[in-house]
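To start, the structure under review is shown below, and the notes come after it.
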Amino acid sequence: MPHPNPTPRQIHSSGPLRGRVAVPGDKSISHRALMFSALAVGESRVEGLLEGEDVLATAAALRAMGAEIERGADGIWRIHGVGVGGLLQPQGALEMGNSGTSTRLLMGLIASHAITAAFTGDASLTKRPMGRVIEPLSRMGASFTSYPGGRLPLILRGTNPAIPIDYTLPVASAQVKSAVLLAGLNTPGITRVIEPIATRDHSERMLRGFGATVEVENSPAGRIIAITGEAELKPQRIVVPGDPSSAAFLVVAATIVPGSDVIVENVGLNPTRAGIFTALRMMGADITELNPREVGGEPVADLRVRHAQLKAIEVPAELAPSMIDEYPILFVAAAFAEGRTVARGAHELRVKESDRIAAMAAALGACGVETQEYEDGLAVQGNGGEAIAGGGTVATQLDHRIAMSMAVAGLYTRAPLTLDDAAPIATSYPIFFESLDKLRGTNAMQPA
Ligand code: S3P
């Protein structure tokens, strides 16, 4: 999967990481803040928005459908929404780049508007399954013409009024849940999503904050989320908390490099997202929460992380939904643990920005780490906390999380490793290398 401008990068081993660094805004929350603001009547303000390529793709699509979205010189984003039901016909294809969240959530938003939209994306996104949103949105009355296998590029013809549905999620996916709820926003009556396994709940929390009626009930069948349609959203001031998925790279970096002691500031700790910290603590990581507080309706803390000797675990499959994006960095932590870590029950990893089971098996293998692939997971043989061999070239496969995970692995190797392309990191954490350099006090990430 070639990138239009591949940026190879060599990663050199590091001395202890020290100091403090704040992680950028949460990607999931940033997408939602823009989308809901674009549907409110009046001006919303968003502080701490993640200015990564994925979120900028959402902003561009919303502008193409009538919302006014500007970044002020003060770094605060101001959004003038069109009102629920007010999205306009876009004049060109919506270019989604690498972003599955933009694509699936916007498909939901558009499905209950009488407009037509074409979606396209990069070589990673066009391989990812969209049938999981096409299916429920078709039941609500939208129609689709997609590439074979329910892939992008696709054309969506929305409908108004759409039909409210009760929909049980066949896969644990916050994107599918959110797509149906967002379609439900402009659908008469009550649209319900039943999730047998709870996934990240940012849509529910934030929609309520914007004034929509969203009721959540726990039942034997799972969480039932009911949204009352034809809602009116009121403009909000939103502060986006830091992204736990981004923080996880720095937390593992400090854990594996001997002598490290860092504070990662502003880490969102919503329980539907914080599974990685539970798993790392089970392995023996030394993570302390400082200054717990609430930001934008989400629990947040600063994390003090000191180097620790990790032990292998069997990663509980129940943690999968709350750490689904963190398996690649968990596999890196496992490479430095004592013993063999086994993670199963994470089949969804096969359909992320890359096939993350195969991509991490290959990446770690290129650096001398033994792994065993399962259909639904990976086993990683740890080396007891010594530096790994390194020396190899890692194929990052248009996947930001493979690139950042292996950049972290590269901090403690016997020979420098090379990322074939570090450019995908800009989708979610454009200042990743600056953050790492700040903690290591040198510029050790050299272009190859
Ligand atoms: C996301 C949901 C998850 C996650 C993705 C962001 C969201 O995807 O992997 O990075 O913001 O709703 P799935 O819904 O496919 O699990």
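The values are calculated or read from the model by the stated rules, or taken from the named source; none is laboratory data. Every value quoted in this text rests on a predicted model; they were computed, and no experiment measured them. Note that we place each Cβ from the backbone using ideal geometry, even for glycine, and neighbour counts take in every protein chain shown. Remember, those area values only see protein heavy atoms, side chains included, never the ligands or the DNA or RNA. Shrake-Rupley method; radii C 1.70, N 1.55, O 1.52, S 1.80 Å.
Taking the stretch 279-310 on its own, how many of its residues are aliphatic (A, V, I, L, M) and open to solvent by 70 Å² or more (accessible area, probe 1.4 Å)? The number of residues fulfilling the criteria is 1.
The helices (runs of 4 or more DSSP H) located wholly in the stretch 1-114 that include 3 or more residues which are within 16 Å of the ligand (Cβ to nearest atom), crowded, with 16+ Cβ neighbours inside 10 Å and touching a residue at least 60 places away in the same chain (Cβ under 8 Å) occupy 27-38, 100-111.
Can Leu185 be described as over 30 Å from Asn291 (Cβ atoms) and open to solvent by less than 10 Å² (accessible area, probe 1.4 Å)?
Here the answer is yes, as Leu185 does meet what is asked.
Looking at the stretch 130-175, which of its residues are within 16 Å of the ligand (Cβ to nearest atom), in contact (Cβ under 8 Å) with a residue 40 or more places away in the chain and open to solvent by 60 Å² or more (accessible area, probe 1.4 Å)? Passing the criteria: only Thr168. Within this structure, Leu330 passes the test of being within 16 Å of the ligand (Cβ to nearest atom) and of a type in the set (A, V, I, L, M). A single member of Ser178, Ser203 is within 16 Å of the ligand (Cβ to nearest atom), open to solvent by less than 10 Å² (accessible area, probe 1.4 Å) and farther than 14 Å from Ser112 by Cα, and it is Ser203.
In the set (1) over 26 Å from Leu419 (Cα atoms); (2) touching a Leu at 6+ places or on another chain (Cβ under 6 Å); (3) part of a helix (DSSP H, G or I), Asp302 fails one condition alone, (3). Ser435 falls short on exactly one of the conditions (1) assigned to a helix (DSSP H, G or I); (2) within 28 Å of Arg128 (Cα to Cα), and that condition is (2). Of the residues that make up the stretch 248-257, is at least one hydroxyl-bearing (Ser, Thr, Tyr), away from the ligand (no atom under 16 Å from the Cβ) and touching a helix residue (DSSP H, G or I) at 6+ places or on another chain (Cβ under 8 Å)? Within the stretch 248-257, one or more residues are hydroxyl-bearing (Ser, Thr, Tyr), away from the ligand (no atom under 16 Å from the Cβ) and touching a helix residue (DSSP H, G or I) at 6+ places or on another chain (Cβ under 8 Å).
Consider Val408 carefully, then state whether it is outside any helix (DSSP H, G or I), assigned by TED's automatic domain parsing to the domain that holds Val332 and crowded, with 24+ Cβ neighbours inside 10 Å. Against the criterion (outside any helix (DSSP H, G or I), assigned by TED's automatic domain parsing to the domain that holds Val332 and crowded, with 24+ Cβ neighbours inside 10 Å), Val408 does not qualify.
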